[in-house]
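Presented below is the structure to which this report refers.
The values are calculated or read from the model by the stated rules, or taken from the named source; none is laboratory data. Because the structure is a prediction, the values reported are computed rather than measured. Cβ placement follows ideal geometry from the backbone for every residue including glycine, while neighbour counts extend to all protein chains displayed.
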Amino acid sequence: MQAITYQKYGFTEVLTTSQLAQPTPKDDEILVKIFATTVTPVDVAFLKGKPYIARLFTGLFKPKNKVLGTELSGEIVAIGKSVTKYKLGDCVFASPADGNGAHAEYICLPEDGAQALMADDWTYEQAAAICNGALTALPFLRDAGNIKAGDKVLIIGASGSIGTVAVQLAKHFGAKVTAVCSGKNVELVESLGTDEVIDYKQQDFTQNQVKYDIIFDTIGNSNFHKCRNSLTHKGRYLSTTIDFSNLLFMLFGNMWGGKQAVFAATGLRKAAEQIVDLALIKKLVSNGKLKIIIDRAYSFEQIADAYVHVDKGHKVGNVVISINQ
Ligand SMILES: NC(=O)c1ccc[n+]([C@@H]2O[C@H](COP(=O)([O-])OP(=O)(O)OC[C@H]3O[C@@H](n4cnc5c(N)ncnc54)[C@H](OP(=O)(O)O)[C@@H]3O)[C@@H](O)[C@H]2O)c1
């Protein structure tokens, strides 16, 4: 099978199209023929080996896993002999167990892994782009943020993969949502149901005297110190990325009157928890309550161009890659 591999850290110059042996499913695994995947900022970080802290997971001096790709959709083309939950021909969307391996034509996944059946009317591209945003935004808002109906929630990076889902999920939980994005994305973000939009190029939300119960920085552009005065007394600052300043506030957060900074590594959650979340996400997508935004679609051969686009940091929603189509 074809796979996009890398043997050392770098950027697109280290990506190679390789011929690898097609994997064979173990007794408790399914073999998925991948029809779509994505390129995300996580793939870019793993490709570059930066920030360096990521190398604790990806390998100190060279990458442990040679195939990137954190999410996918496709069709089951072989199953292990003890598999009962799935059958040949089922179409699934998935987040692979070790957060890698989807930039290939085939992948083996454990039967009990973080995947679910696609709905009949979804495209592979739409299905492939669900996991990164939804399996990150949901645990952040619900578990780390303890979101409640009526909360005032500010989402930074509302036009990104995680941000577009976070806006919609926060509305689903009954929150009053303020989205922070650039002027060109205001219309899109409004279409996702946000109550208010702040164009960060025109206005600094930390100066508007408004207090939020949750500030969710989906892109790691701010820090707790900067946002602290914009939080309510027991407000929570959530960030998908961690830096030294935020780490200090996370450790000593209670010193500031109950306001807290929270980081979570949502990709490291147990598959069983992710499966439960995928059921809710699937329901919301199927009944039109959660839209998955696609920025651009590339072919497998154009994947390096996709990396270049994602690395610029301006994608709107998700960048998908079509494979085997
Ligand atoms: N902790 C975890 O478990 C976890 C899991 C998954 C991902 N992550 C991390 O989450 C981060 C975000 O991922 P993502 O895929 O959602 O990002 P993304 O889609 O690449 O987000 C980019 C979006 O942010 C907007 N943006 C840029 N600067 C902004 C600013 N100052 N204020 C508001 N919006 C701004 C961009 O539009 P404009 O440039 O036009 O404004 C663009 O639409 C990555 O760093 C990733 O590594 C963490």
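Is it the case, given these coordinates, that residue 199 is surrounded by fewer than 21 Cβ atoms within 10 Å (Cβ to Cβ) and of a type outside the set (S, T, N, Q)? Working first, answer last.
Values: surrounded by fewer than 21 Cβ atoms within 10 Å (Cβ to Cβ): yes; of a type outside the set (S, T, N, Q): yes.
The answer is yes for residue 199.
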State all residues of region 38-69 that are over 17 Å from residue 131 (Cα atoms) and in contact with a strand residue (DSSP E or B) (Cβ under 8 Å, 6 or more places away or on another chain); if no residue qualifies, say none.
66, 67
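So, residue 7, is that one within 27 Å of residue 304 (Cβ to Cβ), away from the ligand (no atom under 16 Å from the Cβ) and touching a residue at least 60 places away in the same chain (Cβ under 8 Å) or not? Walk me through it before giving the result.
On the way: within 27 Å of residue 304 (Cβ to Cβ): yes; away from the ligand (no atom under 16 Å from the Cβ): yes; touching a residue at least 60 places away in the same chain (Cβ under 8 Å): no.
Against the criterion (within 27 Å of residue 304 (Cβ to Cβ), away from the ligand (no atom under 16 Å from the Cβ) and touching a residue at least 60 places away in the same chain (Cβ under 8 Å)), residue 7 does not qualify.
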What number of residues within region 302-320 satisfy the criterion of being near the ligand (Cβ under 10 Å from one of its atoms), over 24 Å from residue 94 (Cβ atoms) and charged (D, E, K, R)?
2
Of all residues in region 48-60, count the ones that are on the phi < 0 side of the Ramachandran plot, at pLDDT 95 or above and touching a helix residue (DSSP H, G or I) at 6+ places or on another chain (Cβ under 8 Å).
0
Checking residue 267 against (1) within 15 Å of the ligand (Cβ to nearest atom); (2) closer than 21 Å to residue 154 by Cα, only one condition comes out false. Which one?
(2)
Suppose the filter is within 24 Å of residue 318 (Cβ to Cβ), more than 16 Å from the ligand (Cβ to nearest atom) and touching a Lys or Arg at 6+ places or on another chain (Cβ under 6 Å); does residue 67 pass it?
no
Number of the condition not met by residue 50 [criteria: (1) in a loop (DSSP other than H, G, I, E, B); (2) touching a His at 6+ places or on another chain (Cβ under 7 Å)]:
(2)
Taking the condition within 27 Å of residue 243 (Cβ to Cβ) and assigned by TED's automatic domain parsing to the domain that holds residue 242, does residue 184 pass?
no
Residue 93, sole failed condition from (1) surrounded by fewer than 19 Cβ atoms within 10 Å (Cβ to Cβ); (2) more than 26 Å from residue 239 (Cβ to Cβ):
(1)
Residue pairs meeting the criteria (Cβ under 6 Å; at least 6 apart or on separate chains; first closer than 25 Å to residue 42 by Cα, in region 226-251; second within 16 Å of the ligand (Cβ to nearest atom) and charged (D, E, K, R))
239/217
Residues (modelled with pLDDT of 90 or more and either touching a Ser or Thr at 6+ places or on another chain (Cβ under 9 Å) or of a type in the set (Lys, Arg) (or both)) located in region 236-260:
236, 237, 238, 239, 240
List the number of the failed condition for residue 201; all other conditions in (1) within 12 Å of the ligand (Cβ to nearest atom); (2) under 30 Å from residue 54 (Cβ atoms); (3) assigned to a helix (DSSP H, G or I); (4) more than 20 Å from the chain's Cα centre (by Cα) hold.
(3)
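Take the residues in region 278-301 that are of a type in the set (Val, Ile, Thr) and within 15 Å of the ligand (Cβ to nearest atom); name whichever of them is surrounded by the fewest Cβ atoms within 10 Å (Cβ to Cβ). Steps first, answer last, please.
Quick first cut of region 278-301, residues of a type in the set (Val, Ile, Thr) only: 281, 285, 292-294.
Among the residues that remain, those that are also within 15 Å of the ligand (Cβ to nearest atom) are: 281, 292-294.
Working: 281: 24, 292: 23, 293: 23, 294: 18.
Taking the candidates together, the pick is 294.
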